[in-house]
Amino acid sequence: MKRLASFFLTGLATLLPIVISIYLVYLVFSVIDNLLNPFLTKYLGQVVPGLGFLLTILIVVLVGMISTNFIGKKFVYWSEILLYRVPLLGKIYSTVRSITDSIFSSNKGSFSKVALVEFPRKGIYSLGFITNDNFPYLDEDAYTIFIPTTPNPTSGWFIIMPKEDVKILDMPVDKGIEMVISAGMINGNN
């Protein structure tokens, strides 16, 4: 019975980030569709399916363009200051921002190396990313490692493992991320 409960919790931990991500994307598309549909029906006489998807992509691209110029950067900066001051929202935003910065950063300092570790148990190997070469709170030398879930690498496990139990792979970090996102279908040599 304990194994069944363990399998259930592992399955839940694996599926929950994926389901939440898909639901949030669906929610954004639906909200935009629902906002546009009354205007489209009034002026065009019909609803255009998929317009929420296209408009969401356009909005993301425009936000990317705007946030790269001087005025846009200042706007993002002041918006973040306001978000950080909201008690619960500030903590959530800070965590999500740190993770996305680590994943999408062109500076690979956040993930310094790709590692292979026995996780979640002996005999099962997981691909992880070294986040720090030194964990000073143990008497032995240890790495801090982020093990992302597949195919959504924004969630995963944070582990601390002795250096002798970690195999550092000769693989660039971006290839390791590709391997995780593709569930191993793209290996580090491609």
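Taken together, the values in this text are just the output of simple stated rules run on the coordinates, not laboratory data. Since the structure is predicted, the reported quantities are computational estimates derived from the model, not experimental observations. Here the Cβ positions follow ideal geometry from the backbone for every residue, glycine too, while neighbour counts run over all protein chains shown.
In the chain, helical runs assigned H by DSSP with n ≥ 4 each contribute -39500 (n - 2.57); averaged across all residues and rounded to the nearest 500, the mean residue ellipticity at 222 nm is -18500 deg cm²/dmol.
For segment 113-175, the relative contact order is 34 percent, taking Cα pairs closer than 8 Å that sit 6 or more residues apart in sequence and dividing their mean separation by the residue count. Straight-line cross-link partners of residue 113 among the aspartates and glutamates, defined as a Cα under 18 Å from its Cα and at least 8 positions apart when in the same chain: 101, 133, 141, 164, 165, 170, 174, 178. Rounded to the nearest 10 degrees, the inclination of helix 2-43 to the longest alpha-carbon principal axis of the chain is 20 degrees.
The slack between residue 55 and residue 134, meaning 0.36 nm per residue of separation minus the straight C-alpha distance, is 23.9 nm.
So for segment 2-104, what are the equivalent ellipsoid semi-axes in whole Å, largest first, each being the square root of 5 times an eigenvalue of the Cα gyration tensor?
Values: eigenvalues 193, 134, 30 Å².
After scaling each eigenvalue by five and taking roots: 31, 26, 12 Å.
With a simple spin-label model that places each label point 7 Å from the Cα along the Cα-to-Cβ direction, the separation between residue 20 and residue 80 comes to 2.2 nm. The computed Rg/Rh (Cα atoms, Kirkwood Rh) for the structure shown corresponds, within (i) 1.16; (ii) 1.05; (iii) 1.21, to (ii). Relative to the dominant Cα principal axis of the chain, helix 70-85 is inclined by about 70°. Take every pair of alpha-carbon atoms less than 8 Å apart whose residues are at least six positions apart; their mean separation over the length of the chain yields a relative contact order of 13 percent. GNM on the chain, alpha-carbon springs under 10 angstrom: the most fluctuating residue among 45, 11, 90 is 45.
Here the simple spin-label model places points 7 Å from the Cα toward Cβ, and for residue 3 and residue 47 these points are separated by 4.9 nm. Ranked for footprinting exposure by Cβ neighbours inside 10 Å, fewest first, 126, 155 give 155, 126. Couplings 3J(HN,Hα) for segment 132-148, derived from phi with the Karplus relation 6.51 cos²θ - 1.76 cosθ + 1.60 (θ = phi - 60°), are 7, 7, 9, 10, x, 8, 10, 6, 9, 5, 9, 9, 9, 10, 9, 10, x Hz, where x marks Gly and Pro. The long axis of helix 87-104 is offset from the longest Cα principal axis of the chain by roughly 70 degrees.
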